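What follows is a short report on a single structure.
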Amino acid sequence: MNLPYQLFIALRYLKSKRKHKGISFNAIISIGGVAVGVMALLVVLSVMSGFHEKLKQKILGANAHAVVLSFKGAIEDHNHVIKKLKDEPQIASMSPFVLGQVMVSSGERAHGIFMRGIEPASDLKTTDILRHLKVGSIEDLISDSKIQTKENAYPWIILGRELASTLGVMRGDVVNILSPMGEIGPLGMLPIIKNFQVVGIFEMGMFEYDMNLALTDINAASDFFGFGNKVTGIQVRVNDIYKANQVSKAVNEKLGFPYYARDWMQMNRNLFSALKLERFAMFIILTLIILVASFNIISTLMMNVMEKQKEIAILKAMGAANRGIMMVFMLQGLFIGIVGTTLGVIGAYALGNIIHNYEIIKLPADIYYISTLPVNMKLFDFVVVSVSAITISFLSTIYPSYYAARLNPVEPLRYE
C-alpha cells in the first residue's frame with residue numbers, strides 16, 4: 001500500500017541524520033513531555049474521583065439517603081408519618097432513630113460521641129452500618145433488644161473500632177454513658193449516667209464515624225434522653241441516590257409543616273462542592289504540563305524546519321504545494337502528540353491499577369477520612385484528556401508548519 005508522500009516524509013523527518021542527532025533526541029523529549037503530562041493529569045483525576053466516590057460511599061453507608069425531621073425538635077407519631085410516606089415510589093425503606101450527644105467512658109478514659117438509637121431490623125434496610133460489624137452478630141440484635149450479662153441486664157451498645165480502641169473495651173465490657181442534659185435535683189442540674197454493654201464493634205473505614213458514633217436500641221436511647229414515645233427523625237433510603245433531592249421535595253409537599261426533609265446532598269453540600277472545585281482546579285493546573293510539552297513540539301519542529309530547508313526547497317521545485325509542506329510538519333507534530341498521549345494513557349492506567357490493587361499509599365484517617373489512597377478510573381476522563389492532549393499537540397504544529405510552507409525555495413538552492 002502506497003503511503004501519501006506527506007506521511008512518508010513526516011515519519012522520515014523524525015529520523016535525523018547522524019551529524020544532527022539532537023533532532024531525534026528532541027522528538028523523544030517532546031513525546032516524553034506529552035506522556036508525563038497526560039499520565040499526571042489522568043492519575044490525579046482518577047485519585048480525586050476515587051476519593052469523591054469513596055467518601056460518598058462511606059457517608060451513605062453510615063447515614064440514610066435522606067432524613068425527615070421536625071421543626072419542633074422531635075417527631076411525636078413517627079408510625080403515622082411512615083404510613084403517609086409508604087406510597088412514595090422512590091422510597092425503598094424507612095426507619096426511626098433517636099440521636100443525641102453523650103460522653104462515653106470506661107475506667108479513666110472518656111470521649112464525646114453521638115449516640116444513635118435504632119431499630120436493628122428496619123435500620124438494616126436503611127443504612128449499611130450494621131453490615132460493617134467486625135465483632136458481634138446482627139441476628140442477636142434483631143432477635144433481642146436487650147443482651148444480658150450474668151449479673152445485670154444492660155441496654156446494648158455498638159461502638160466504632162477507633163472508639164473501642166481508645167476506650168480499651170471489647171465485646172462484653174460495660175461502658176458508662178453520660179448525658180449533659182440531665183435531671184434537676186436539689187443541688188441543680190444533675191447529669192444522667194447509665195451503663196451499657198458492648199455487644200459489637202463496627203468499622204466503616206472512615207475515622208469520623210469509627211471514632212465518634214455509637215449505636216444502641218431505640219427504646220433505650222429514648223428512655224436515656226427522656227424522649228418518651230418521640231423520635232429525633234426518620235431515616236429514608238431511596239432507590240436512586242441521585243434523585244434524593246426530588247424525594248425530599250415530595251416529602252415536604254406531602255407532610256407539610258412542621259416536618260421537613262433533608263437529603264444527603266444538602267447535608268454534605270459544602271464538602272462535595274469543595275471536592276468538585278478542587279478537581280476542576282487540578283485539571284486546569286495539570287493541563288499546563290501538557291501546554292509546556294507543546295512548546296517542546298514547537299521547538300522540535302522549528303529545528304527540523306531549519307535543518308530541512310534544502311529538502312523543502314527541492315520538494316517545492318518538484319511541484320509540492322505549500323499545503324503539502326504544511327501537512328508534512330503537521331503530521332510530524334501530530335504523530336508526537338498521539339504517541340505521547342498513548343504512552344501517557346498506558347502509564348496512567350498501569351499506575352492507577354497498582355495504587356488501587358496494592359494500596360501502596362497510606363493516609364492518616366483522622367485527617368483524610370479514609371486510610372488508603374483510592375483510585376476510580378473513568379473512561380470519560382481518559383477520553384477527554386486524550387482528545388485535549390492530541391488537540392493541543394496538533395495546534396502547536398500550526399506555526400512551524402506555516403513557517404516551513406513560506407520558505408523561499410531559491411535561497412537554500414542558490415549555492416548548490
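Points to keep in mind about this one:
- The residue list G324, G337 contains one member that is farther than 24 Å from I284 by Cβ, in a helix (DSSP H, G or I) and over 25 Å from the mean Cα position of the chain (by Cα), which is G324.
- Scanning the stretch 381-397 for residues that are among the aromatic types (F, W, Y) and closer than 10 Å to S294 by Cα turns up just one, F394.
- Cβ-Cβ contacts under 6 Å between residues 6 or more apart (or on different chains), taken from a first residue in the stretch 171-191 that is within 18 Å of D223 (Cβ to Cβ) to a second residue that is aliphatic (A, V, I, L, M) and at pLDDT below 70, are listed as G182/M189; G182/L190; E183/L190.
- Entirely in the stretch 109-168, the strands (runs of 3 or more DSSP E) that have 1 or more residues that are at pLDDT below 90 and crowded, with 19+ Cβ neighbours inside 10 Å: 146-148, 153-160
- Being at pLDDT below 90 and closer than 27 Å to A320 by Cβ is a property that does not hold for N63.
- Just so you know, in the stretch 243-282 the residues that are in contact with an Asp or Glu (Cβ under 9 Å, 6 or more places away or on another chain) and among the hydrophobic types (A, V, I, L, M, F, W, C) include one that is modelled with the lowest pLDDT, and it is A244.
The values are calculated or read from the model by the stated rules, or taken from the named source; none is laboratory data. Worth saying up front: this structure is predicted, and the values here are computed from it rather than measured. No Cβ is skipped: glycine too gets one built from the backbone with ideal geometry, and neighbour counts run over all protein chains shown.
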